[in-house]
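Undergrad: My questions will all concern the structure given below.
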Amino acid sequence: MRIEVDGHGVEVGEGASVLDAVRAAGVWLPLLCHDDRLSPVGSCRTCLVRAGGIVTVACVTPASPRTQVETAGEELEALRRDAVELLVSALPQRALEETRSELAVVCTRLGIGAEAALGAGERGGDDSHPYVRLDRDLCIACDRCVRICADVQGTFALTLVGRGADTVVAPGTGGPWADSDCVACGACVDTCPTGAIFQPGLPLGAPASRSLPPGTATTRTTCGYCGVGCSLDVVTADGQVTAVLPDRDGPVNRGHACVKGRFAHGFLTSPDRLTQPLLRRDGRLEPTSWDEALDHVARGLRAALSEGGPDAVAAISSARATNEENYLVQKFMRTVIGTNNIDNCSRLCHSPSAAGLTASFGLPGGTDSFDDIDQSDCLLVVGANPVDAHPVVGARLLRRALRGAALIVADPRAVGLAGYADVHLRPRPGTNVALCHGIAHVLLAEELTDEQFLHERAAGLPELVDMLKEYTPQAAAAITGVPAADIVAAARLYGRARCPAIIYGLGVTEHLHGTDGVRALANLAILRGTVGTDHGLGLYPLRGQNNVQGASDMGALPDSLPGYHKVTDPAARARAEHVWGAPVPERPGLRIPQMFAAAREGRLRALWIIGEDVCSTDPSSNQVTAALDTCPLVVSQDIFLSSTARRADVVLPAASWLEKDGTFVNFDRRFQRVRPTVEPPGQARTDFHIVQAIASALGADLGCPTPAAALDECARVSPHFAGLSHQRLDREGALPWPCPYPDQPGQAKLYTRHFATPDGRAHLAAVPYLPPGEQPDDTYPLLLVTGRRLTHYNTGSMTRRTDNLLLDPVDHLDIHPDDAARHHLRDGRPVTVESRHGHARLTVRIGTQTPPGQVFCAIHFPASGVNALTSDHADTVTSCPEYKVTAVRLVP
Ligand SMILES: Nc1nc2c(c(=O)[nH]1)N[C@H]1C(S)=C(S)[C@@H](COP(=O)(O)OP(=O)(O)OC[C@H]3O[C@@H](n4cnc5c(=O)[nH]c(N)nc54)[C@H](O)[C@@H]3O)O[C@H]1N2
Ligand SMILES: Nc1nc2c(c(=O)[nH]1)N[C@H]1C(S)=C(S)[C@@H](COP(=O)(O)OP(=O)(O)OC[C@H]3O[C@@H](n4cnc5c(=O)[nH]c(N)nc54)[C@H](O)[C@@H]3O)O[C@H]1N2
Ligand code: SF4
Ligand code: SF4
Ligand code: FES
Ligand SMILES: [Mo]
């Protein structure tokens with residue numbers, strides 16, 4: 001619609017406010033309670049204009065083509081100045097003198113000086129939290145923090161207390177900030193217009209105003225922790241990172257972030273950072289020069305090659321590293337060493353997603369763009385805890401649920417989203433397949449399927465229908481422990497929704513039958529006909545590591561070249577050989593667990609481990625250490641001396657995500673740029689540089705002088721990436737793959753015309769439920785589930801070296817009060833956990849999040865030894881470990 005502002009016509013969309021029109025006209029107004037991420041409330045009353053002749057607040061007044069808007073004139077300016085002066089009068093002078101806040105900027109523009117600030121400034125503050133601090137004297141009670149905490153983060157940690165001019169923000173629990181529900185997402189810091197809520201390291205009010213002191217620089221990059229892929233603006237001064245601010249235009253995060261990406265950068269300057277190569281001499285790791293370290297690696301690789309041939313060498317590439325680095329590692333292994341022995345931690349994580357999604361739909365990624373989640377009216381979240389593990393996704397899901405979407409959570413534990421769920425299904429760990437089949441049975445029985453879609457676009461229906469006869473809700477209930485009525489209720493919610501979406505995580509994949517679990521979930525989307533259609537959504541696997549999708553996309557897999565073209569496919573090999581000018585071996589290589597087995601048997605003679613702490617994170621750690629101890633050459637390339645590095649023969653110091661150039665691919669298949677913000681410490685080098693150096697030490701030239709050149713080359717190897725380049729990403733921002741053409745956007749939503757399977761159809765899978773590999777018995781009566789907590793990241797190598805450790809200092813074993821009583825355990829006391837495979841030491845935490853009969857712990861403190869407990873059972877299709885089901889007993 002067309003609105004007249006100060007006599008000029010401007011175009012705004014339906015539902016626009018007067019403020020939108022004023023902004024479209026390029027007119028500035030003071031906006032102290034407004035944030036584009038929030039619904040307007042009109043409480044500060046500073047954005048005064050005249051609409052239809054009446055003085056009104058612009059932000060909450062709907063624009064109408066009939067109403068003329070006036071913003072200019074001395075009278076209006078005086079009214080706005082008075083409104084701001086009134087707010088300022090309650091504040092102490094430093095509110096304007098010592099901040100770079102929005103309020104200070106507004107006052108400067110309106111000509112209001114510090115003398116207008118008359119407040120005594122005796123309200124005090126709260127500095128109990130390491131990252132988020134409160135200076136009550138600067139609070140104007142605009143409510144932005146309270147609203148952003150509730151509406152964007154979904155945490156409801158803050159409230160306004162007091163009356164009239166003395167109203168201030170406070171943690172809702174009444175006690176210190178550090179003891180409140182705050183999850184340290186930083187959103188309140190990022191919206192506070194006065195600096196009342198602030199973070200150490202930046203001037204008061206600077207995050208919201210984005211007014212940074214002279215001498216600081218900002219670099220846009222992508223978070224290097226989890227697979228959400230938040231776009232971040234990293235603030236540096238004097239070669240150090242001083243703060244990280246979420247990018248307001250970030251395609252996934254839209255101005256939001258979490259405690260890790262936003263605050264956990266202190267590891268960068270930890271004195272523990274590896275700053276020079278280490279070499280084992282007489283059993284001890286000692287500092288050495290790069291030349292000597294590289295020479296040692298080259299000699300070890302040559303020895304392995306001459307003793308056992310190319311297949312005696314293997315590499316584990318890093319899902320923490322960039323696409324370009326992963327591309328280079330696999331190219332090195334295939335063309336210089338001559339083996340397909342390359343894998344990445346996707347093996348431990350979402351390899352069942354890759355296998356299952358490929359079998360069902362044709363490609364190994366999620367089926368839809370996460371942006372479309374805003375259209376969903378039903379979220380089925382299975383075996384995922386996004387509130388802790390993908391916090392920005394968790395916040396967006398919660399927001400959908402609070403705005404009316406149905407929410408079904410399937411998790412044995414009462415995870416963060418479960419409290420808001422319409423139905424919380426609590427299956428016994430390892431029984432997802434039966435649970436999904438029970439839901440599918442109801443979809444068929446109650447005719448909630450899409451007949452036309454099934455007829456035109458799917459295959460395998462008769463076999464599935466036949467198999468599902470057995471999986472009545474009652475039968476599924478007997479296997480899963482979920483009440484039959486809840487299975488029916490969930491099926492009806494999912495079955496009757498207009499645009500249902502499935503979001504899932506490791507609770508589906510890290511099982512003996514993880515791939516079947518993915519296929520059973522895919523069945524639901526196919527039965528409903530929502531995948532590959534414009535009226536529904538399919539499956540979102542919440543890929544874990546920052547670049548686990550990308551490491552696999554780049555071909556750091558034993559059976560796939562870049563773009564998932566099989567090494568066994570002669571045409572795919574020929575295309576890669578043409579680009580690389582070298583033969584590509586045709587026999588698939590070893591998977592990570594097979595590498596360790598081969599090492600223990602003496603068949604593997606050199607293992608290069610990049611950015612993965614296999615001794616802490618692979619299952620059955622005793623078997624892993626035995627493998628490393630037997631292997632004649634173990635190279636660990638890391639940013640810290642991990643448990644794996646401690647056992648290596650050579651340790652190479654790497655640069656971290658804040659120190660390197662390249663791209664990551666996030667969980668919804670978007671390529672995003674990663675840019676260096678500071679120099680790596682000491683002699684540490686980027687993984688890209690190190691791979692090049694190792695190739696040179698062997699007399700080989702990998703080409704690809706820069707990360708940009710590596711992505712360009714990769715674009716020639718796989719048509720999926722043919723349209724991608726650093727230049728284009730710099731210009732256009734994030735781009736999803738497949739992206740075959742440089743002049744067309746990538747495919748955010750897959751399969752809109754046909755599926756990528758050989759017959760173009762979606763494949764239903766009639767896979768029967770099979771029990772997990774481990775069962776409790778009288779000796780090991782409890783089931784241990786392992787997973788994640790918000791504050792720490794995987795081995796904790798980085799987060800434990802930041803103030804996140806203050807937020808979460810202890811490795812807990814969560815246990816239900818009934819079981820605690822039975823085992824005579826007391827809260828906060830140490831406990832030994834024993835399994836059939838090993839033992840670990842943890843601290844008891846009694847609560848009802850974990851159901852009776854189960855215990856839960858995370859993997860963030862390797863010293864506790866959690867992976868000594870886990871078995872070597874693994875997904876029968878992909879070898880993904882059964883991390884989610886281990887029978888244990890407790891010894892106080
Ligand atoms: N803060 C934080 N964030 C992270 C990470 C981190 O370490 N810390 N790691 C990243 C990585 S690498 C990954 S892969 C992702 C993982 O992200 P998620 O998959 O969300 O994390 P997990 O906690 O491992 O497991 C998810 C849930 O599965 C449930 N579960 C276990 N067994 C079953 C079952 O049989 N059925 C069902 N329905 N549920 C089950 C568990 O109770 C748990 O709540 O997180 C990423 N993000
Ligand atoms: N029991 C149990 N075990 C699990 C899981 C579980 O749920 N339960 N989850 C599994 C899953 S999903 C995963 S993904 C794995 C994760 O396991 P890992 O990948 O081993 O864990 P991370 O801590 O992410 O990082 C590995 C190492 O990379 C280093 N690093 C970080 N950035 C860089 C970089 O840029 N370059 C280099 N060279 N090194 C870098 C870190 O210091 C760290 O030592 O754990 C698995 N293990
Ligand atoms: S940091 Fe985030 S969770 Fe904590 S109070 Fe602020 S908005 Fe709420
Ligand atoms: S949600 Fe994930 S990507 Fe975003 S800031 Fe947190 S750790 Fe980084
Ligand atoms: S910005 Fe409009 S009333 Fe506060
Ligand atoms: Mo992972």
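The values are calculated or read from the model by the stated rules, or taken from the named source; none is laboratory data. This one's a predicted model, so the numbers in the text were calculated from it and none came from an experiment. Counting neighbours? That spans all protein chains shown, and the Cβs are built from the backbone with ideal geometry, glycine included.
Undergrad: Does Val183 satisfy the condition of being away from ligand 2 (no atom under 16 Å from the Cβ) and surrounded by 18 or more Cβ atoms within 10 Å (Cβ to Cβ)? Before the answer, list the steps.
TA: Numbers: away from ligand 2 (no atom under 16 Å from the Cβ): yes; surrounded by 18 or more Cβ atoms within 10 Å (Cβ to Cβ): yes.
Here the answer is yes, as Val183 does meet what is asked.
Undergrad: In this structure, does Val105 turn out to be within 16 Å of ligand 4 (Cβ to nearest atom), outside the structural domain of Leu397 (by TED's automatic domain parsing) and either in contact (Cβ under 8 Å) with a residue 40 or more places away in the chain or in a strand (DSSP E or B) (or both)?
TA: Details: within 16 Å of ligand 4 (Cβ to nearest atom): no; outside the structural domain of Leu397 (by TED's automatic domain parsing): yes; either in contact (Cβ under 8 Å) with a residue 40 or more places away in the chain or in a strand (DSSP E or B) (or both): yes.
No: the conditions fail for Val105.
Undergrad: Still on this structure: Scan the stretch 301-324 for residues that are surrounded by fewer than 24 Cβ atoms within 10 Å (Cβ to Cβ) and out of contact with any strand residue (DSSP E or B) (no Cβ under 6 Å at 6 or more places or on another chain) and jot them down. It would help to see each step written out before you state the result.
TA: Of all residues in the stretch 301-324, those surrounded by fewer than 24 Cβ atoms within 10 Å (Cβ to Cβ) come to 301-311.
Answer for the stretch 301-324, where residues must be surrounded by fewer than 24 Cβ atoms within 10 Å (Cβ to Cβ) and out of contact with any strand residue (DSSP E or B) (no Cβ under 6 Å at 6 or more places or on another chain): Arg302, Ala303, Leu305, Ser306, Glu307, Gly308, Gly309, Pro310, Asp311.
Undergrad: Still on this structure: Could you please find all residues in the stretch 590-612 being touching a Ser or Thr at 6+ places or on another chain (Cβ under 9 Å), surrounded by 24 or more Cβ atoms within 10 Å (Cβ to Cβ) and assigned to a loop (DSSP other than H, G, I, E, B)?
TA: Hits for the stretch 590-612 are Leu604, Gly611, Glu612.
Undergrad: Consider only pairs whose beta carbons are under 7 Å apart and that are at least six residues apart or on different chains; among these, list those whose first residue lies in the stretch 449-470 and is more than 14 Å from Thr533 (Cα to Cα) and whose second residue is of a type in the set (Lys, Arg) and assigned to a loop (DSSP other than H, G, I, E, B).
TA: Ala459/Arg761
Undergrad: Turning to a different aspect of this structure: Is it true that some residue in the stretch 756-764 is buried (at least 21 other Cβ atoms within 10 Å of the Cβ) and either among the aliphatic types (A, V, I, L, M) or within 16 Å of ligand 1 (Cβ to nearest atom) (or both)?
TA: Among the residues of the stretch 756-764, at least one is buried (at least 21 other Cβ atoms within 10 Å of the Cβ) and either among the aliphatic types (A, V, I, L, M) or within 16 Å of ligand 1 (Cβ to nearest atom) (or both), which makes the answer yes.
Undergrad: I'm told Ala418 meets every condition in (1) more than 14 Å from ligand 1 (Cβ to nearest atom); (2) assigned to a helix (DSSP H, G or I) except one. Can you identify the failing condition by its number?
TA: Tallying (1) more than 14 Å from ligand 1 (Cβ to nearest atom); (2) assigned to a helix (DSSP H, G or I), Ala418 fails exactly one: (1).
Undergrad: With the structure loaded, tell me whether Pro246 is farther than 27 Å from Arg136 by Cα, away from ligand 2 (no atom under 16 Å from the Cβ) and touching a Ser or Thr at 6+ places or on another chain (Cβ under 8 Å) or whether it fails that test.
TA: Working: farther than 27 Å from Arg136 by Cα: no; away from ligand 2 (no atom under 16 Å from the Cβ): yes; touching a Ser or Thr at 6+ places or on another chain (Cβ under 8 Å): yes.
Considered against the rule, which asks whether it is farther than 27 Å from Arg136 by Cα, away from ligand 2 (no atom under 16 Å from the Cβ) and touching a Ser or Thr at 6+ places or on another chain (Cβ under 8 Å), Pro246 comes out as no.
Undergrad: On to the next question. Going through Ala684, Ala654, Ala756 one at a time, which residue ends up being touching a residue at least 24 places away in the same chain (Cβ under 8 Å), of a type in the set (Gly, Ala, Ser) and farther than 30 Å from Ser353 by Cβ? Give the steps one after another, and end with the answer.
TA: Values: Ala654 fails: farther than 30 Å from Ser353 by Cβ; Ala756 fails: farther than 30 Å from Ser353 by Cβ.
Matching residue, one of Ala684, Ala654, Ala756: Ala684.
Undergrad: Starting from residues that are in contact with a Lys or Arg (Cβ under 7 Å, 6 or more places away or on another chain) and among the hydroxyl-bearing types (Ser, Thr, Tyr), keep the ones in the stretch 590-636 and report whichever is farthest from ligand 5 (Cβ to nearest atom).
TA: Thr630
Undergrad: Something else about it: Of the residues that sit in the stretch 461-514 and are among the acidic types (Asp, Glu) and not in a helix (DSSP H, G or I), which one is surrounded by the fewest Cβ atoms within 10 Å (Cβ to Cβ)?
TA: Among those that are among the acidic types (Asp, Glu) and not in a helix (DSSP H, G or I), it is Glu470.
Undergrad: Here's something else I'd like to know. Search the stretch 357-399 for residues being of a type in the set (D, E, K, R) and in a helix (DSSP H, G or I), and hand back the single one that is surrounded by the fewest Cβ atoms within 10 Å (Cβ to Cβ).
TA: Looking at residues that are of a type in the set (D, E, K, R) and in a helix (DSSP H, G or I), I get Asp374.
Undergrad: Residue check, Gln692 against (1) of a type in the set (S, T, N, Q); (2) farther than 24 Å from Lys660 by Cα; (3) touching a helix residue (DSSP H, G or I) at 6+ places or on another chain (Cβ under 8 Å), all met but one. Which one?
TA: Only one criterion is unmet by Gln692, namely (2).
Undergrad: On to the next question. Checking Val833 against (1) more than 16 Å from ligand 1 (Cβ to nearest atom); (2) closer than 28 Å to Asp638 by Cβ; (3) surrounded by fewer than 22 Cβ atoms within 10 Å (Cβ to Cβ), which single condition isn't satisfied?
TA: Going through the list (1) more than 16 Å from ligand 1 (Cβ to nearest atom); (2) closer than 28 Å to Asp638 by Cβ; (3) surrounded by fewer than 22 Cβ atoms within 10 Å (Cβ to Cβ), Val833 breaks only (3).
Undergrad: Run down Asp411, Asp368, Asp311, Asp343 and say which single residue is among the charged types (D, E, K, R), within 27 Å of the chain's Cα centre (by Cα) and under 30 Å from Leu607 (Cα atoms).
TA: Details: Asp411 fails: under 30 Å from Leu607 (Cα atoms); Asp368 fails: under 30 Å from Leu607 (Cα atoms); Asp311 fails: within 27 Å of the chain's Cα centre (by Cα).
None of the other options fit; the residue is Asp343.
Undergrad: Check whether at least one residue in the stretch 263-281 is more than 16 Å from ligand 2 (Cβ to nearest atom) and under 28 Å from Asp808 (Cα atoms), and report yes or no. Step through it out loud before you land on a result.
TA: First, the residues of the stretch 263-281 that are more than 16 Å from ligand 2 (Cβ to nearest atom): 263, 279-281.
From the residues that got through so far, the ones that are under 28 Å from Asp808 (Cα atoms) too are 263.
Scanning the stretch 263-281, I find at least one residue that is more than 16 Å from ligand 2 (Cβ to nearest atom) and under 28 Å from Asp808 (Cα atoms), so the answer is yes.
Undergrad: Just one of (1) within 39 Å of the chain's Cα centre (by Cα); (2) over 24 Å from Ala117 (Cβ atoms); (3) part of a helix (DSSP H, G or I) trips up Glu14, so point out which.
TA: All conditions pass for Glu14, except number (3).
Undergrad: Within the stretch 622-651, take every residue that is in contact (Cβ under 8 Å) with a residue 40 or more places away in the chain and part of a loop (DSSP other than H, G, I, E, B) and give me the one that is surrounded by the most Cβ atoms within 10 Å (Cβ to Cβ).
TA: In this case the residue turns out to be Ile639.
Undergrad: Next up: Against the definition (under 29 Å from Gln549 (Cα atoms), away from ligand 3 (no atom under 16 Å from the Cβ) and either part of a loop (DSSP other than H, G, I, E, B) or not assigned by TED's automatic domain parsing to the domain that holds Trp657 (or both)), how does Val235 come out, yes or no? Before you say what the answer is, go through the steps one by one.
TA: On the way: under 29 Å from Gln549 (Cα atoms): yes; away from ligand 3 (no atom under 16 Å from the Cβ): yes; either part of a loop (DSSP other than H, G, I, E, B) or not assigned by TED's automatic domain parsing to the domain that holds Trp657 (or both): yes.
In short, yes.
Undergrad: Could you look through the stretch 400-413, keep only residues that are of a type in the set (Gly, Ala, Ser) and not in a loop (DSSP other than H, G, I, E, B), and pick out the one that is farthest from ligand 6 (Cβ to nearest atom)? Give the steps one after another, and end with the answer.
TA: Filtering the stretch 400-413 for residues of a type in the set (Gly, Ala, Ser) gives 401, 404-406, 410.
Retained after the next criterion (residues that are not in a loop (DSSP other than H, G, I, E, B)): 401, 406, 410.
Details: Ala401: 25, Ala406: 28, Ala410: 19 Å.
Here the answer is Ala406.
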